[in-house]
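Data first, discussion second: the structure below is written as structure tokens.
Read the figures in this text as sums done on the coordinates, not as results from a lab. Since the structure is predicted, the reported quantities are computational estimates derived from the model, not experimental observations. Reconstructed Cβ throughout: ideal geometry from the backbone, glycine too, with neighbour counts over all protein chains shown.
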Ligand SMILES: Nc1ncnc2c1ncn2[C@@H]1O[C@H](COP(=O)(O)OP(=O)(O)OP(=O)(O)O)[C@@H](O)[C@H]1O
Ligand SMILES: [Mg+2]
């Protein structure tokens with residue numbers, strides 16, 4: 001990321017997504033999954049926001065809400081809040097308010113890369129057809145222009161343009177993900193939401209794809225929301241990291257701070273799960289995560305992490321905690337950590 005002043009590209013305001021649960025012979029609604037539960041964050045132009053958390057915490061749901069594909073794909077889904085997209089011409093649009101036809105213009109600005117490079121590419125289309133498709137939809141380029149464009153894009157993502165007539169099954173997982181990246185890049189988006197783009201790849205290939213994405217970010221002035229299970233994957237690519245737990249945003253801050261001085265006990269637990277090649281004495285005390293992650297169908301009251309939290313107090317089950325400032329550029333939704341911090345600061349102050 002450059003040193004230019006921070007300007008917001010995307011503002012997610014109090015986003016909630018609830019999936020209906022259908023039951024009975026007549027398939028009526030019997031409940032709701034609160035997959036994302038009042039989440040707010042800003043993504044600045046040119047930055048990478050890492051979004052992490054355990055399986056089921058709502059990362060993919062948040063990602064799909066941002067690219068606004070839930071309404072069209074999940075019957076009965078309820079989305080609340082605002083997703084404000086700051087267009088290059090200065091106008092601001094709430095993506096959630098847009099009708100399908102009005103969303104078309106923004107589909108080119110906001111692209112998504114999917115976790116599974118095996119199922120996200122149509123097996124019956126050649127690489128050329130796959131990468132060219134968004135160009136057909138969003139531009140008026142001729143067939144020859146599109147072909148040249150596809151060749152150029154394949155080269156940019158490290159694939160030989162001669163492979164254009166091949167089918168996805170002829171490529172490795174890493175190469176397929178490169179095809180997915182080329183497809184996303186084709187329409188020159190401002191924002192790419194990458195949902196676990198390297199999780200399905202061999203470890204040896206993961207860093208190559210992450211490095212490619214970082215190079216492309218510089219070349220094409222991209223902004224990324226980069227989703228991953230664990231912090232070690234997003235640490236290198238992210239400027240800031242947001243941590244989700246059971247649909248809640250529990251911590252957000254500069255990548256360095258969140259990684260080295262996590263404030264929320266859940267973030268600390270998540271970091272404990274990360275194998276560390278070089279044990280680092282500056283890392284805070286490790287916390288082992290015990291117990292099953294509760295179901296978002298039946299979220300615990302108060303802080304949703306309290307049943308698994310080693311520092312939980314009786315008050316933690318009473319009200320949903322707000323995000324509190326923990327250090328410059330770092331917010332965490334934990335009043336207990338906040339109180340401990342304040343006590344420590346008070347103890348450091350000279351007595352009157
Ligand atoms: N279409 C759907 N209908 C009902 N519930 C759903 C649907 N999609 C997701 N969910 C539920 O919503 C919650 C959040 O799911 P989501 O896929 O967003 O989590 P995630 O953090 O991406 O998980 P993972 O790390 O496994 O990809 C989960 O409890 C999931 O079972
Ligand atoms: Mg997911």
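Dimensions of the stretch 8-348 based on its C-alpha atoms, expressed as ranges along the principal axes with the largest first, amount to 70, 56, 42 Å. The long axis of helix 203-220 is offset from the longest Cα principal axis of the chain by roughly 80 degrees. When shorter helices are ignored and each DSSP H run of at least 4 residues is given -39500 (n - 2.57), the per-residue value for the chain at 222 nm works out to -9500 deg cm²/dmol. Across the chain, C-alpha contacts under 8 Å between residues 6 or more apart give a mean separation that, scaled by the residue count, equals a relative contact order of 18 percent. Assuming a ≥ b ≥ c are the square roots of the Cα gyration tensor eigenvalues, decide whether the stretch 54-202 counts as rounded (a/c under 1.5), prolate (otherwise, with a/b larger than b/c) or oblate. Note, shape of the stretch 54-202 comes out oblate.
To the nearest 0.05, how large is the calculated FRET efficiency for residue 29 and residue 349 if R₀ is 45 Å and r is the Cβ-Cβ distance?
0.25
Could you tell me how many degrees, from 0 to 90 and to the nearest 10, lie between the Cα long axis of helix 127-138 and the main elongation axis, the longest principal axis, of the Cα atoms of the chain? Here the helix axis deviates by roughly 80 degrees. Expressed to the nearest 5 percent, the antiparallel share of DSSP beta bridges inside the chain is 65 percent. Projecting label points 7 angstrom from Cα along Cα→Cβ for residue 69 and residue 101 puts them 2.3 nm apart. Between residue 272 and residue 342, the contour length at 0.36 nm per residue exceeds the alpha carbon distance by 22.7 nm.
Ordering 222-234, 104-116 by mean Cβ neighbour count within 10 Å, with the highest value first, yields 222-234, 104-116. Rounded to 0.05, the FRET efficiency of the residue 298 and residue 124 pair, given R0 = 56 Å and the Cβ-Cβ distance, is 0.85.
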